[in-house]
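Below are the structure tokens for one structure; questions will follow.
The values are calculated or read from the model by the stated rules, or taken from the named source; none is laboratory data. Fair warning: this is a prediction, and the values are worked out from it, not measured in the lab. Cβ: placed from backbone, ideal geometry, glycine included. Neighbour counts: every protein chain shown.
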Amino acid sequence: MINKFDMQQDIERVLVSEEDIHARIREVGAQISEDYRGKCPILVGVLKGVVPFFGEMSQAITVPVNCASISKKSPASGKFLQKSFPVPIGTTPIAT
């Protein structure tokens, strides 16, 4: 397990504060909610690092959403190996 304290010793300076990141997520969530009012967009995230952000963003959005994920086989191939879409993609709005 990664020790957060050990990692913080290596940080020279913080470019964007944790509070600013959370505030921006709330702002974007509000904008998505406004843009997709009356619709049910699909939020698509690339695994593995998206999970914490994805959870917070989905809580910041006030309209119903479907969540989907994709993962890559390897960085070298660049091909998507797995897709998890809850509904058929077609005319469904996708917020990425």
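Matching residues to (1) under 21 Å from Ile70 (Cβ atoms); (2) in contact with a His (Cβ under 6 Å, 6 or more places away or on another chain); (3) β-branched (Val, Ile, Thr):
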site: Gln8; (1), (2), (3): no, no, no
site: Ile11; (1), (2), (3): no, no, yes
site: Leu15; (1), (2), (3): no, no, no
site: Asp20; (1), (2), (3): no, no, no
site: Arg24; (1), (2), (3): no, no, no
site: Ala30; (1), (2), (3): no, no, no
site: Tyr36; (1), (2), (3): yes, no, no
site: Leu47; (1), (2), (3): yes, no, no
site: Phe53; (1), (2), (3): yes, no, no
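Do we have Ala68 as modelled with pLDDT of 65 or more and touching a Phe, Trp or Tyr at 6+ places or on another chain (Cβ under 6 Å) here?
Details: modelled with pLDDT of 65 or more: yes; touching a Phe, Trp or Tyr at 6+ places or on another chain (Cβ under 6 Å): yes.
Considered against the rule, which asks whether it is modelled with pLDDT of 65 or more and touching a Phe, Trp or Tyr at 6+ places or on another chain (Cβ under 6 Å), Ala68 comes out as yes.
Filter the range 33-57 for residues that are within 16 Å of His22 (Cα to Cα), without any contact (Cβ under 8 Å) to a residue 24 or more places away in the chain and assigned to a helix (DSSP H, G or I) and give the result. Even if it seems obvious, please write down each step before you answer.
As a first pass, look at the range 33-57 and keep what is within 16 Å of His22 (Cα to Cα): 50-57.
Now narrow it down to the ones that are without any contact (Cβ under 8 Å) to a residue 24 or more places away in the chain: 50-52, 54-55.
Residues satisfying the conditions are Val51, Pro52, Phe54, Gly55.
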